[in-house]
1. Would a scan of segment 280-298 turn up a residue that is crowded, with 16+ Cβ neighbours inside 10 Å, part of a loop (DSSP other than H, G, I, E, B) and either at pLDDT below 85 or assigned by TED's automatic domain parsing to the domain that holds residue 244 (or both)?
2. For residues in segment 176-218 being free of Cβ contacts under 8 Å to residues at least 60 places away in the same chain and surrounded by 14 or more Cβ atoms within 10 Å (Cβ to Cβ), which is nearest to residue 328 (Cα to Cα)?
3. Inside segment 147-221, counting only strands (runs of 3 or more DSSP E) that do not spill past its ends, which hold 1 or more residues that are closer than 30 Å to residue 246 by Cβ and over 18 Å from the mean Cα position of the chain (by Cα)?
4. Search segment 99-128 for residues being in contact with a helix residue (DSSP H, G or I) (Cβ under 6 Å, 6 or more places away or on another chain) and part of a loop (DSSP other than H, G, I, E, B), and hand back the single one that is surrounded by the most Cβ atoms within 10 Å (Cβ to Cβ).
5. Where residues in segment 148-169 are surrounded by 14 or more Cβ atoms within 10 Å (Cβ to Cβ) and among the basic types (Lys, Arg), which of them is farthest from residue 189 (Cα to Cα)?
6. Can you pull out every residue in segment 219-250 that is among the small types (Gly, Ala, Ser) and touching a residue at least 40 places away in the same chain (Cβ under 8 Å)?
7. Is it fair to say residue 266 is touching a Phe, Trp or Tyr at 6+ places or on another chain (Cβ under 9 Å) and either surrounded by 15 or more Cβ atoms within 10 Å (Cβ to Cβ) or over 30 Å from residue 233 (Cα atoms) (or both)?
8. Would you confirm, using the coordinates I've provided, whether residue 75 is hydroxyl-bearing (Ser, Thr, Tyr), at pLDDT below 65 and outside any loop (DSSP other than H, G, I, E, B)?
Amino acid sequence: MKKNLLWKVAIILLTLLVFVWGIILGNDPEKSMAAIKQNGLLAGLQQNIHLGLDLKGGTHLILQVMVNDAVNADSDQVIERLKDDLRQKNISYAEIAKPDPAANPDRIVIKGIGPNNSGNLKTIADERLPEYTLSSGVEGTYVLAMKQQSLTQLKNRAVEQAIETIRNRIDQLGVSEPVIQEHGLGEYQILVQLPGVDDPARVKDIMQSTAMLEIRQAMDNGVSYSSEASALAAHGGILPPDSVVMKGHTIIGRTPEPSGEPQDTYYVVSRASAVTGRDLRGAEPTHDENGRAAVSFNLTRDGGNRFYAFTSAHVGDFLAVVLDGKVQEVARVQEGIRDMGRITGTFSEQQAKDLSMVLRSGALPASIRYLEERTVVHRSAPIPFARAFAPPSWAWPP
């Protein structure tokens, strides 16, 4: 019996040693020992014991994922794909557009299809667009509508991708023990809890930035206009096919109005992108030739091959670097560019670092809106380590 008791005591002691090891040294003994040597045992414990929002304070957020943005992006791609397919089969049409992209982004109307080509259109829809159903209307009008199951899956996938993207960005900021999960009390919502965040405004900016990078062809030799109306007027009120007017970054003291007031710029660019942020392999902060903060990026092999083919075919033309739907810069193509590029602008050093990090983590599939924000303040003073573990002091008589 005494032998069994010794075994039990040995097992208990061994278990206690394992737990003490985990509490003091954790998963990274070298890092914990360095903290202990520098700031004492309490620093080592804090390295491995992470306090939650209720004990440490921090930021509590509820985000709404605007899932219709993801649906609009998908239907935009479908429109471009459909135009290419009809062009390849020499099928003429009058218009392909979304009549109500805000309320019904999944519905595409095709006008001007002749009766002889209705069968070809149905074949294209069945073979190339299985997520959509095609129905006919009057006078050669057809409606493509996303199937309900596909629509639900697309919206749910947008929320999942948003959670993953936000988690990647928060992890790179070094926030300990964050909570990032779907919020079950609302539709397409995300709960985010960030213990100990000391700069919630910066974290919010990083989380909500879609950081969607696109490189498009800039029309009109890269000329900028002072307003959208001016850009339209330069083309007689009708833009070239497959082009759009896009706002540029705001500049100060823009000629010929050197007033010192911020002035907006507008560019005419191609509707389709040569490459997008989905083709990115990496991004890092850097500097341009004048020493200003910038962001360099490189592309995947497939993206680099497509970019090289595009730029080789457009030597002498202008490219527009578009970030979050705004033209960041315009430059002439001197030669074929394969897999590297750079984004310049009026960045601070911190903004260049944040943009690089956001681009690396991937673009949000849809924009997000803040529904609720609370700052949790832990008001209780921390108990000194020595006092917390000191034996009670007795005095007799009391």
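1. No - not one qualifying residue is present in segment 280-298.
2. That would be 180.
3. By residue number, 213-218.
4. Ranking the qualifying residues of segment 99-128, first place goes to 106.
5. Going through the qualifying residues, I end up with 169.
6. 222, 224, 226, 248
7. Criteria met by residue 266.
8. Considered against the rule, which asks whether it is hydroxyl-bearing (Ser, Thr, Tyr), at pLDDT below 65 and outside any loop (DSSP other than H, G, I, E, B), residue 75 comes out as no.
The values are calculated or read from the model by the stated rules, or taken from the named source; none is laboratory data. All values reported here derive from a predicted model rather than from experimental measurement. Methodologically, a virtual Cβ is constructed for each residue, glycine included, from the backbone with ideal geometry; neighbour enumeration extends over all protein chains shown.
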